[in-house]
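Heads up: the structure comes next, in structure tokens.
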Amino acid sequence: MPDYPPEQLWPLYEKLPEDLKETIFSEKTADTIYDVCTRNGLEEEKISEVAKYTGYVMLGLLPPDEFQKTLEEELKLENDLAKKVTLEITSFVFFPLKEELKALYKAEAGPFKAEVSSIKPEVAPASEIKPLVEEKPKEPRKDIYREPIE
């Protein structure tokens with residue numbers, strides 16, 4: 001993935017919706033990325049790279065479905081580690097901006113939807129859920145803790 005100079009990034013930034021602009025420079029976003037990376041044991045220099053690629057996603061330069069692959073290739077992260085980081089950043093940073101990112105990546109909205117849906121699995125209707133253990137009908141039991149009333 002090429003490294004873009006700021007003069008190429010500013011025109012893209014200017015065209016973004018306000019929510020994306022605010023999120024890119026948000027302290028909350030920076031804290032989230034830092035927390036996710038430190039929780040997963042990434043070194044300081046890799047944290048800034050993860051932040052850069054997160055910004056590229058929000059600027060429209062890196063499709064969200066290629067984020068994990070980019071972390072693996074560019075940062076030399078193992079598949080499991082890249083997957084954990086991707087899922088957390090998708091959950092906390094990209095998911096709240098789902099509609100804005102869909103509009104930004106009109107053609108790539110399908111893969112992004114699939115990535116987000118993998119975080120929130122579908123729940124089967126209650127009628128299809130079977131109990132793990134068959135319940136036996138309860139028989140009335142004698143209360144052994146009651147004292148006789150005289």
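Values in this text are rule-based calculations from the coordinates and carry no lab data. For clarity, every value in this text was computed on a predicted model and none was experimentally measured. Counting neighbours? That spans all protein chains shown, and the Cβs are built from the backbone with ideal geometry, glycine included.
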*Along region 87-101, what does the Karplus equation 6.51 cos²θ - 1.76 cosθ + 1.60 (θ = phi - 60°) give for ³J(HN,Hα), rounded to whole Hz, x for Gly and Pro?*
4, 5, 5, 4, 5, 8, 10, 7, 4, x, 9, 3, 5, 5, 5
*Could you list Lys106, Lys28 in order of exposure, starting from the residue whose Cβ has the fewest other Cβ atoms within 10 Å?*
Lys106, Lys28
*Hey, fewest Cβ within 10 Å first, where do Ile33, Ile149 land in order?*
Ile149, Ile33
*Quick one, can you get me the convex hull of the C-alpha atoms of region 6-121 expressed as volume per residue in Å³?*
103 Å³
*Could you line up Phe25, Phe67, Phe92 from fewest to most neighbouring Cβ atoms inside 10 Å?*
Phe25, Phe92, Phe67
*Report the label-to-label distance for Lys106 and Glu45 in nanometres (one decimal), using points 7 Å from each Cα along the Cα→Cβ vector.*
4.1 nm
*Within region 66-95, report the GluC sites (Glu not before Pro) that DSSP leaves as loop and that have at most 12 other Cβ atoms within 10 Å.*
Glu78
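Would you mind calculating the gained length between Trp10 and Glu73 on full extension (0.36 nm times residue separation, minus the Cα-Cα distance), in nm to one decimal?
Roughly 20.1 nm would be gained on extension.
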